[in-house]
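A short worksheet on the structure shown next.
Every read-out reported here was derived from the displayed coordinates using simple, explicitly stated rules and does not represent laboratory data. Predicted, not measured: the structure shown is a model, and the values here were computed from it. Quick reminder, even Gly has a Cβ in these numbers, built from the backbone with ideal geometry, and neighbours come from all protein chains shown.
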């Protein structure tokens with residue numbers, strides 16, 4: 001312990017080392033503050049939904065109450081859905097930065113409403129927002145390089161290595177102590193601000209410990225790489241240049257090229273193309289006999305087939321029916337789109353076993369519930385809610401029941417304790 005304290009005093013006398021540690025801690029704190037501010041902004045936007053929704057529905061109810069028309073209620077009423085951030089989301093914002101976390105839907109065709117925002121934009125997702133994950137994956141290796149590139153070579157160039165190796169507590173034990181000390185200080189500079197922020201955000205102890213272990217493992221990888229290059233007995237300048245090149249390749253170049261290769265090998269249509277196809281199917285319904293539309297709708301949803309026949313006047317049940325037909329027409333494309341995204345995501349996770357930078361970023365996003373899996377799960381919740389919403393309005397439209405102001409209160413809503 002006395003030797004470790006002595007090494008610490010020696011280390012803290014090195015101005016550049018102290019500056020590096022303070023800078024890393026400051027960048028980490030800034031990234032955490034930025035992440036917490038973004039999550040707070042998203043939570044505030046979600047918290048404001050009920051008041052805005054009540055105002056919107058009140059305006060629609062004033063008009064619908066005069067006509068008692070359920071179709072107008074279905075057409076003009078927007079119903080909010082949201083994806084509340086997980087406690088750890090501030091540390092790795094992931095796809096929450098490039099995909100919608102609030103979506104207002106109507107009982108009309110859902111696919112166009114979902115895919116107008118296109119749930120995944122890989123170009124926008126790289127390299128990522130300035131958050132804790134960014135600091136750990138992209139910046140922390142540079143500080144490892146700064147502290148470890150001359151750990152041994154610096155002493156050799158100063159003519160002290162042989163003397164240090166000859167000391168009673170020198171040699172390998174000395175280098176292990178110095179390595180552990182530098183590694184520990186870097187880890188503290190990263191994780192101390194993270195732990196404080198996590199406690200403020202109510203993150204579980206298990207999640208805090210997991211992220212801390214992941215951070216330590218990632219730092220160990222770069223320390224090991226620095227030690228390996230240091231064994232080649234190059235100059236400190238050459239070590240630094242080699243490690244910088246390794247950082248450039250392992251953190252920036254290879255992940256970017258791999259992303260391009262994965263996207264090329266697994267082609268996926270843009271979500272906007274699905275939205276366009278759905279709209280084309282909907283628009284085409286105006287040009288075909290209404291009986292054809294209803295026949296197709298009743299074939300897929302026979303529970304409504306006993307509804308009264310259409311007359312010559314416009315009826316919203318026909319309008320909602322061809323919107324649902326439009327959704328059904330693009331269902332195969334939606335499945336293919338999702339399967340393609342999941343295949344790309346699986347390929348990226350596989351790459352993470354080979355590239356620590358990719359693996360750590362993917363793991364942090366999974367722990368923070370901000371990855372593709374989380375976004376697709378939100379999409380599934382939106383679809384389930386939309387089904388309940390359609391069933392609610394269909395009960396009025398296909399049974400020709402009047403829709404009054406009080407019926408707005410019976411409409412399903414997205415999250416408990418609502419229906």
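By count of other Cβ within 10 Å, fewest leading, how are 350, 264, 179 ordered?
Ascending number of Cβ neighbours within 10 Å: 264, 350, 179.
Once you've got the GNM for the chain with C-alpha springs shorter than 10 Å, pick whichever of 176, 338, 388 has the biggest mean-square fluctuation.
176
What ranking do 187, 286 get, fewest neighbouring Cβ atoms within 10 angstrom at the top?
With the fewest neighbours first, 187, 286 line up as 286, 187.
What full-extension length gain, to one decimal in nm, is calculated for residue 346 and residue 284 as 0.36 nm per residue of separation minus the Cα-Cα distance?
18.6 nm
Would you kindly state how much longer the chain becomes between residue 66 and residue 295 on full extension, computed as 0.36 nm times their sequence separation minus their alpha carbon distance, in nm to one decimal?
79.3 nm
What ranking do 242, 370, 404, 81 get, fewest neighbouring Cβ atoms within 10 angstrom at the top?
Ascending Cβ contact count within 10 Å gives the list 404, 242, 81, 370.
Mind sorting out which of (i) 39, 28, 19; (ii) 71, 31, 18; (iii) 60, 23, 13 is the real semi-axes √(5λ) of the Cα gyration tensor in Å computed from the coordinates?
Evaluating semi-axes √(5λ) of the Cα gyration tensor in Å on these atoms matches (iii).
Just how many % of Cα pairs in segment 341-400 lie over 20 Å apart, if you round to the nearest whole percent?
47 percent
What's the Cα-based Rg to Rh of segment 277-419, Rh via Kirkwood?
Reported Rg/Rh (Cα atoms, Kirkwood Rh): 1.12.
Rounded to the nearest 500, what is the chain's calculated 222 nm mean residue ellipticity when only DSSP H runs of at least 4 contribute -39500 (n - 2.57) each, over all residues?
Theoretical 222 nm ellipticity from helices: -22000 deg cm²/dmol.
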